[in-house]
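Enquirer: Quick one: structure below, then a few questions.
Read the figures in this text as sums done on the coordinates, not as results from a lab. Remember, it's a predicted structure, so these values are computed and weren't measured experimentally. Cβ coordinates were reconstructed from backbone atoms using ideal geometry, including for glycine residues, and neighbour counts include every protein chain displayed.
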Amino acid sequence: METLLQQHVEEGGDPAELITLLVAKIRPRKARDTGHAVYMIQALCHILCKRPELRAALRDALLELLGTRKPVSLYVESGVLPNTGFFSELHRRISHKILPDAIDTGYLKDILALVFIREDDDVWVQAVPDAVWLELLTALRFDELPAKAGLPLPLRGILDAILVLSYRISSIGLEPELIRNEPALEEFASPFLTQNDEVGEYLEQFAKAWQNAVLELQDEKHILVLLDQCAQVIQRVRRTASRFGTSISLTFLLQRLTQQLTRMEILLSILSALRQDKTGLGAQPLFVSLFKTLVSGECHKNGVRQHWQESLELLALRVTENASRTGEHYITTTRAEYFMLLRSAMGAGLIIAFMAALKLFAARQHLPPMTEALIFSLNYGLGFMLIHILHFTVATKQPAMTASSIASSISESGGKNRDLESLSGIIVQTLRSQLAAIAGNVLVVLPVAMLIAWGIFAVSGTHFISPEKAHRLLADIDPIHSPAVFYAAIAGVCLFLSGLIAGHHDNLAMYNKIPQRLKQLRGLRRLLGEARLSRVADYVENNLGALAGNFYFGCMLGGVTAIGVLFGLPLDIRHVTFSSAYLGFSLIGLDFMVAPKEVLLAVLGIALIGLTNLMVSFALALSVAIKARKVTFPHWGILLKSLRRHFRQHPLEFLFPPRTDAAELKDASEAPPK
């Protein structure tokens, strides 16, 4: 490094090239090798302290870059979402990841991209302690610079960046999407517009006072108050979105606005520190923080995964909160609710038995693959919609809903023992409810399927399915000699996706005000009448998500096999309730002439299929719900101990609700059905 600096002093050259070569020396081979980076930075500090001429050369190179290479775009755009929208930015990142941007060394932003050229450079830059970076700034001795009456060019870049950010914040404050969710912005003085006036006046006075020591520098407190009011508007809009729905564009807009407010506060803090001490010593910690933020922003400017995750977090929260409200109806606490859920699951088992019969009948026609897949999808989708309309319950639909409720409880627990005990109680109630739903489905679908097969045999004299087909159905649910468990996991993924679809459509109904718009349709009003149309609109508001989730779930179940055939992939589905129905059809088709081992394997297969359906969909839904809420929960071990203790003390509560007193039982029985 000393040689590089000496060569630059003797021969001159591009300061950007000097900084690039120095960073290349500091950069460790492995990004997580922070020790190497720290050692090299401290070695550079030692050189700068020992050689004043080298110190002056590096200091001048940095100041030249900060003052003459158009720094505004770096301060304003790095680490901040653009105004192009979610999908446009996603397309830009993918295309620029394949074919990078053309570099223009006239911009400081592009020079930073040249200096920190590796995508993982931010790892070691962030890992190096702030104290080490501050040691480097101290070694550069900016206090040795002679005092100048004019405004330094690097400082001018910061002032210009603040002004640009102020204009951009003002423009977002006028966005129709924002005003729609916060009408008060039109009725009262908007902080988004007011801050621009204040910022312009503040920057003008700051520049004059810097050059004229007689003038008093104005502080930025009033601007910070206005920025805080802007942040409060964002919070109100997000609360409104939690009740009335959101969209990707609104989520993207709020995220960009939040980032711009944060960046402006950082730059204003730097000006405040410089106002108190023109040598910049007080502002050095702020410079280090900003430096790390800018490096991280440049390293991830084409990161598709980070963009997708950050932009959809709030939208996922809205979707999972809608699912959470639905999931509360699938968690029983009293015996009255438990038996109500059991009866509801039995009703679903009755309908699924007929759905399974229709599916086998359609398969017997040997239709073209795509036609067959369409018929299977309609059979499943319309059947699941009918189950919902009749207020019945499919057991495997529960996990995607109840996981969001549990995630909500986790986010509220905060790790307190009392709350963790309550959380373990919710998990016990959830497990009990799901087992009850599975039992209700299976206990009805199996005998009803047998009755259907026996009835067809009694009327027609031939079995509904042939012995060969019966053996194939039994082999399909054999967990040892077939990939039944793997196919059950695919069904679990479909269940998880259907939960997200349900939450998305609930959000869509609220955000686009579909019920209110339905009520305005004159044709429907004449056809149905005012009162009936109002009931239809209310039903759509409360059930659009569930109906959509059920229909698309059916389409996924019916289409997975066709996709596997089309692409030559081993794809199929196994669903616990349908597998139970196929067992019933097979027993009748074989006249109960089945080896005990084959029956035991089929029963074991049904149990494992059901467990896999539940666990996969529950784990995926819980993971998304926790990430959407940005919950960090380090108490899983304590929670598991609480569950084990609960099982030792009250094992029956995992299968059946505890008995309540008469008054509570009466209240529960008189409560409206969930």
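Enquirer: Looking at Ala37, Ser73, Pro52, which one has the Cα that reaches farthest to the positive end of the dipole of the range 6-82 (charges on Cβ: Lys, Arg +1; Asp, Glu -1)?
Expert: My answer, from the dipole projection, is Ala37.
Enquirer: Against the longest alpha carbon principal axis of the chain, how many degrees, from 0 to 90 and to the nearest 10, is the axis of helix 248-276 turned?
Expert: For helix 248-276, the angle is close to 30 degrees.
Enquirer: Determine, for Lys221, Lys641, the number of other Cβ atoms within 10 Å of each Cβ, and report the residues in order from fewest to most.
Expert: Lys221, Lys641
Enquirer: Would you mind getting the Kirkwood hydrodynamic radius of the range 496-596 from its Cα pairs, rounded to one decimal in Å? Mind showing how you got there, number by number?
Expert: Details: mean 1/r = 0.0585 Å⁻¹.
Result for the range 496-596 stands at 17.1 Å.
Enquirer: Any chance you could run the full-extension gain for Leu145 through Asp591? It's 0.36 nm times the residue separation minus the Cα-Cα distance, nm to one decimal.
Expert: Full extension from Leu145 to Asp591 adds 150.7 nm.
Enquirer: Run the numbers for Arg645 and Ser171: contour at 0.36 nm per residue of separation, minus the present Cα-Cα distance, in nm. Kindly include the intermediate steps, with their values, before the conclusion.
Expert: Details: separation 474, 0.36 × 474 = 170.64 nm, distance 5.71 nm.
Full-extension gain reported as 164.9 nm.
Enquirer: Same structure again: In what sequence do Ser586, Ser466 fall when counting other Cβ within 10 Å, fewest first?
Expert: Numbers: Ser586 28, Ser466 13.
Listed from fewest to most nearby Cβ atoms, that is Ser466, Ser586.
Enquirer: Does the range 418-495 come out rounded, prolate or oblate by the C-alpha gyration tensor, with a ≥ b ≥ c the root eigenvalues, rounded set by a/c under 1.5 and, if not, prolate when a/b is larger than b/c and oblate if not? Present the calculation step by step, with values, prior to reporting the outcome.
Expert: Working: a/c = 4.48, a/b = 1.96, b/c = 2.28.
Oblate shape, in that a/c is at least 1.5 and b/c is the bigger or equal ratio.
Enquirer: Could you run the Karplus curve 6.51 cos²θ - 1.76 cosθ + 1.60 with θ = phi - 60° over the range 65-75 and give me ³J(HN,Hα) per residue in whole Hz, x for Gly and Pro?
Expert: 5, 5, x, 10, 10, 6, x, 4, 4, 5, 5
Enquirer: Report the extension gain between Asp538 and Leu566 in nm, rounded to one decimal, defined as 0.36 nm multiplied by the number of residues separating them, less their alpha carbon distance.
Expert: Separation in residues times 0.36 nm, less the Cα-Cα distance, equals 6.0 nm.
Enquirer: Given the -39500 (n - 2.57) contribution per DSSP H run of 4+ residues, what per-residue ellipticity at 222 nm results for the chain, rounded to the nearest 500 deg cm²/dmol?
Expert: Working: 30 runs with 515 residues, N = 674.
Only helices count here, giving -25500 deg cm²/dmol.
Enquirer: Can you give me the angle between helix 191-211 and the longest principal axis of the chain, using Cα atoms only, in degrees from 0 to 90, rounded to the nearest 10?
Expert: On a 0 to 90 degree scale, this one is about 20.
Enquirer: Sticking with this one: Compute the distance in nm between two label points, each set 7 Å from the Cα along the Cα-to-Cβ direction, one at Ser95 and one at Glu653.
Expert: 5.9
Enquirer: Between helix 86-98 and the chain, what is the angle of the helix's C-alpha long axis to the longest principal axis, kept within 0 to 90° and rounded to the nearest 10?
Expert: The answer is roughly 70 degrees.
Enquirer: Output the direction-averaged projected area (hull surface divided by four) of the convex hull of the alpha-carbon atoms of the range 1-147, in nm².
Expert: If you wrap the Cα atoms of the range 1-147 in a convex hull and average its projections, you get 10.3 nm².
Enquirer: Counting only Cα, what are the radius of gyration and maximum Cα-Cα distance Dmax of the range 512-565, in Å?
Expert: Expressed in Å, the Cα Rg and Dmax of the range 512-565 come to 16.1, 49.
Enquirer: Would you mind computing, in nm to one decimal, how far apart the modelled labels at Met370 and Asn212 are, each placed 7 Å from Cα along Cα→Cβ?
Expert: 7.8
Enquirer: Counting only chymotrypsin sites (Phe, Trp or Tyr not before Pro) that are in a DSSP loop and have at most 11 other C-beta atoms within 10 Å, tell me the longest site-free stretch of the chain.
Expert: Details: sites that count: Phe188, Phe592.
Value returned for the longest uninterrupted segment is 189-591.
Enquirer: Can you work out the FRET efficiency for the pair Glu2 and Ala231, with r the C-beta to C-beta distance and R0 = 56 Å, to the nearest 0.05?
Expert: Once rounded, the FRET efficiency stands at 0.75.
Enquirer: Please check which bits of the range 65-91 a label hung off Leu153 would reach, taking the label as a point 7 Å along Cα-to-C-beta and the cut-off as backbone N under 20 Å.
Expert: 65-76
Enquirer: [x] 26.1; [y] 30.0; [z] 27.6: which one is Kirkwood radius over Cα pairs in Å as calculated from this entry?
Expert: The listed entry that was calculated here is [y].
Enquirer: Would you mind getting me the FRET efficiency between Arg118 and Tyr39? Use the beta-carbon distance for r and R0 = 22 Å, nearest 0.05.
Expert: The pair Arg118/Tyr39 has a calculated efficiency of 0.70.
Enquirer: Would you kindly derive the ³J(HN,Hα) couplings of the range 227-238 from the backbone phi angles with the Karplus curve 6.51 cos²θ - 1.76 cosθ + 1.60 (θ = phi - 60°), listing them in order in whole Hz, with x for Gly and Pro?
Expert: 5, 5, 5, 4, 5, 5, 4, 4, 5, 5, 5, 5
Enquirer: With 10 angstrom as the radius, rank Ser534, Ser377, Ser460 by how many other C-beta atoms surround their C-beta, starting from the fewest.
Expert: Neighbour counts put them in this order, fewest first: Ser460, Ser534, Ser377.
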